[in-house]
Amino acid sequence: MTRQPSDGLIFFGATGDLAFKKIFPALHAMAKRGRLTWPVVGVARSGWTRDQFVEHARKSIAAHGQPDETAFAALASKLRYVDGDYNAAPAFEKLAKEQADIQRPAHYLAIPPAMFAVVTKHLADAGCLRNARIIVEKPFGRDLQSARALNATLHQYLGEPQIFRIDHYLGKEAVQNLLFFRFANALLEPLWNRHYVENVQITLAESFGVQGRGKFYEEAGVIRDVIQNHLLQVLSLLAMEAPTSADAESIRDEQAKVLRNVRPLNPDDLVLGQFRGYRDEAGVARDSIVPTYAALRLHIDSWRWEGVPFYVRAGKKLKASATEVQVELKQAPPVVFDDTPPEIGNYVRFRLGPDVAIGIGAVIKKPGEGLSGQPVELSVVRQDAASDMSAYERLLGDAMHGDATLFARQDSVEAAWAIVDPLIARTDVTPIEYAPGSWGPEEAERLVEEIGGWNLSAGVPPST
Ligand code: BG6
């Protein structure tokens, strides 16, 4: 049944934050495109009626744009609601009745990961997993051991092709473009290796803080929240070998290989920070040592990347919001034109958000007398990126169709945990305090001294 579309979506956590922020808007967008053709059953333990649930869906959509009345009516006509406790069988008996007309359900667990195992078991006991797919949200486990245990639990009831692990970064248009731009052109391949690449920098900077999610963040911290998943997935797309085709397994095989070849981290390759004021956030311990910033230096032990440092940094309350990849190329030998400042060089830059751009940094002759250089960027900037299909709409659609390309496979998830495990296991490293609105702790500069500092374009609008 793997590639037959699912014919009903059941989502747990239907009255929760993720549903409000992402799932209803995605379902509404699908309805608008005429793609919502199946029932949607919300499951929650809020004691609500179906009418309250539909009203909640409307509020969510209104909070994220203008509801389209025809699309909303189409969505509302598909909505069903089951109320009950996830820890007990009766809710699942009710669900089994509610989904009786659904032959191939897709169960979306938008609930805390601690609940995945118990919900899956109850689904199996109630006979709701026949021909089913299961969609799970990150974080998938808390470390390598718990991720393995969770995989083992899910595999008791489901085969790997039935499991869809969401990493919404993989659903982003700009992240897919990384893969596309690399392998749809012959341009980069000759340069994309240790002979020409000096270093790679990946930045996920956010100017906002934990936005009321202090309790969640205390459990996660920056490494579990965005590095183990979003940024390592980006790294794998950047560094992978060419897949033999665009099918899910070919691509995911190559991604997994990269992650397996990342060398375990050494403490000197890490700087952790915490923004001043984090400890005053609701839900945060007054003496919390949870990092809100991390900068890492990684090495990939492969023929292609031997000796090329990959720097990854992410943080909250930084100077700007920007997600960006910069691949710096080696300098041209200063033989013909030796008057070019060493900080000016060639690079390839992928701006992944909030705006979307691909830029190639080059040096041209400065007009006037003499032969000195000035930097320019040849770039493609997407002005209409805001109208892109949302990552959640794309991922939900793909999961319903059984296309796993944009979902994290078990081996990649485990390999990514193996990279960060030595960091999260440490309780002896106190993060360095940094000022909100800065670029994080100054110590993070130490990591990049050898390459002349972090690239400066993160946070600066791409040149046009
Ligand atoms: C989420 C994290 O997975 O990704 C958030 O939990 C983070 O803390 C977010 O802000 C970043 O995603 P995006 O799409 O806004 O860059």
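The values are calculated or read from the model by the stated rules, or taken from the named source; none is laboratory data. On a predicted model such as this, the values are computed, not experimentally measured, just so you know. Cβ coordinates were reconstructed from backbone atoms using ideal geometry, including for glycine residues, and neighbour counts include every protein chain displayed.
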The one condition in (1) in contact with a strand residue (DSSP E or B) (Cβ under 8 Å, 6 or more places away or on another chain); (2) basic (Lys, Arg); (3) within 26 Å of LYS172 (Cβ to Cβ) that LYS22 fails to fulfil:
(1)
Does SER250 count as over 17 Å from VAL200 (Cβ atoms), away from the ligand (no atom under 16 Å from the Cβ), not in a loop (DSSP other than H, G, I, E, B) and not charged (D, E, K, R)?
yes
Could you run through the range 202-231 and say how many residues are outside any helix (DSSP H, G or I) and more than 9 Å from the ligand (Cβ to nearest atom)?
6
Does any residue in the range 329-355 that is outside any strand (DSSP E or B) come within less than 9 Å, Cβ to Cβ, of a residue that is at pLDDT below 80 and of a type in the set (Lys, Arg) six or more places away or on a different chain, and which pairs are these?
ASP355/ARG382
Scan the range 231-245 for residues that are of a type in the set (Val, Ile, Thr) and under 16 Å from the mean Cα position of the chain (by Cα) and jot them down.
VAL234
Flag if ILE358 is at pLDDT below 90, of a type in the set (A, V, I, L, M) and either exposed (fewer than 14 other Cβ atoms within 10 Å of the Cβ) or away from the ligand (no atom under 16 Å from the Cβ) (or both):
no
Which residue, of LYS94, LYS121, is in contact (Cβ under 8 Å) with a residue 12 or more places away in the chain, surrounded by fewer than 18 Cβ atoms within 10 Å (Cβ to Cβ) and in contact with a strand residue (DSSP E or B) (Cβ under 7 Å, 6 or more places away or on another chain)?
LYS94
Of all residues making up the range 111-131, the number that are part of a helix (DSSP H, G or I) and either of a type in the set (Lys, Arg) or over 18 Å from ALA416 (Cβ atoms) (or both):
11
Of ALA132, ALA106, ALA126, ALA110, which residue is touching a Pro at 6+ places or on another chain (Cβ under 7 Å), buried (at least 17 other Cβ atoms within 10 Å of the Cβ) and hydrophobic (A, V, I, L, M, F, W, C)?
ALA132
Would you call ALA332 in contact with a helix residue (DSSP H, G or I) (Cβ under 6 Å, 6 or more places away or on another chain) and not β-branched (Val, Ile, Thr)?
no
Filter the range 363-408 down to residues that are within 16 Å of the ligand (Cβ to nearest atom) and farther than 30 Å from LEU187 by Cα, then give me how many there are.
3
Restricting the search to the range 193-230, which residues are among the β-branched types (Val, Ile, Thr) and within 19 Å of the chain's Cα centre (by Cα)?
VAL200, ILE202, THR203, VAL210, VAL222, ILE223, VAL226, ILE227
All positions within the range 290-318 that are under 16 Å from GLY273 (Cα atoms) and either within 16 Å of the ligand (Cβ to nearest atom) or out of contact with any Phe, Trp or Tyr (no Cβ under 9 Å at 6 or more places or on another chain) (or both)
VAL290, PRO291, THR292, TYR293, ALA294, VAL312, ARG313, ALA314, GLY315, LYS316, LYS317, LEU318
Cβ-Cβ distance below 6 Å, separation of 6 or more or different chains: which pairs start in the range 249-263 with a residue that is over 11 Å from LEU235 (Cα atoms) and modelled with pLDDT of 95 or more and end on one that is hydroxyl-bearing (Ser, Thr, Tyr) and surrounded by fewer than 22 Cβ atoms within 10 Å (Cβ to Cβ)?
SER250/THR244; ILE251/THR405; ASN261/SER302
Set LEU170, LEU154: member being in a helix (DSSP H, G or I), surrounded by 18 or more Cβ atoms within 10 Å (Cβ to Cβ) and within 16 Å of the ligand (Cβ to nearest atom)
LEU170
Given (1) in contact (Cβ under 8 Å) with a residue 60 or more places away in the chain; (2) within 16 Å of the ligand (Cβ to nearest atom); (3) surrounded by 15 or more Cβ atoms within 10 Å (Cβ to Cβ), identify the lone condition not met by ASN199.
(2)
Kindly indicate whether any position in the range 132-141 is part of a helix (DSSP H, G or I) and within 16 Å of the ligand (Cβ to nearest atom).
no
